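Worksheet for the structure shown next.
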């Protein structure tokens, strides 16, 4: 589901991962991290799909604070030790953005695999 | 699956979408666009999951050329008319990146939902 974000510039953290296959505790932690990120100062939105999560932030300082959040640090530790066999984490400055919303009504919720 | 990209800086195009539910021709076109993008000058890699695709490019000029590719323009037209009820397209400059590869062997291919 596309996140609604303000006019650029702002920052994106693009996290692309391959999982180990050890899923113990993963879904709960992932859900908790989304919840927790949303409470951080400077959080603008998040888009998540299996293997890719993009979060949006007002500033590099907001990203640094989120990175250092204690509960997030513990999630990162488990990510390295258990859940991810590989990942790429990229920090990017969003320079321009374009939104499209169809004139026709949205389909019923739950029909889009991106909603999972 | 994380794309292997060179050292920053480079550019990311982050495309997050919600689909209409009209899937006619979508999967074929999406696969064709990945194939075609990879042939473009300045293409660095792509990560794709249901609802989010991130492609990486050497420069803004490479992105502009891909945007104007004739076959891609036709795909864009069908995207507006048929496949997408909403999307956000963001162009961002990747400023730093961090890679992780686990010391333990990768799981067998196909075990990660991100491979879909």
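With its label point defined 7 Å out from Cα along the Cα-to-Cβ axis, residue A:24 lies at 5.0 nm from the matching points of the other copies, in increasing order.
Per-residue mean of other chain beta-carbon atoms within 10 angstrom of the beta-carbon, peptide A:43-49?
4
Note on residue A:77 and residue A:103: their simple-model spin labels are 5.6 nm apart, each label 7 Å out from Cα toward Cβ. Structure remark: mean-square fluctuation, Gaussian network model of chain B, C-alpha springs under 10 Å; the largest value among B:47, B:60, B:35 belongs to B:35.
Over chain A, DSSP H runs of length four or greater, each weighted -39,500 (n - 2.57), average out per residue to a 222 nm ellipticity of -7000 deg cm²/dmol. With its label point put 7 Å out from Cα toward Cβ, residue B:95 sits 1.3 nm from the same residue's point in the other copies, in order from shortest. Classify the range B:43-90 as rounded, prolate or oblate from the Cα gyration tensor: take a ≥ b ≥ c as the square roots of its eigenvalues, call it rounded if a/c is under 1.5, otherwise prolate when a/b beats b/c and oblate if not. In terms of gyration-tensor shape, oblate. With q set to 0.13, 0.14, 0.17, 0.18 Å⁻¹, the log10 of I(q)/I(0) for the range A:10-97, from the Debye formula over equal scatterers at the Cα positions, is -0.40, -0.47, -0.70, -0.78.
Between residue A:3 and residue B:95, the modelled labels are 1.6 nm apart [label points 7 Å from Cα along Cα→Cβ].
What shape does the protein assembly as shown have by the C-alpha gyration tensor, where a ≥ b ≥ c are the square roots of the eigenvalues, rounded means a/c under 1.5, and otherwise prolate means a/b greater than b/c and oblate the rest? Note, shape of the protein assembly as shown comes out rounded. Cβ crowding within 10 Å ranks B:55, A:102 as A:102, B:55, fewest other Cβ atoms first. Summary for residue A:67: label point 7 Å along Cα→Cβ; distances to the equivalent points in the other copies, ascending, 2.9 nm.
Read-outs: derived from the displayed coordinates by stated rules, not from any lab. All of these numbers come straight from a predicted model, not from anything done at the bench. Methodologically, a virtual Cβ is constructed for each residue, glycine included, from the backbone with ideal geometry; neighbour enumeration extends over all protein chains shown.
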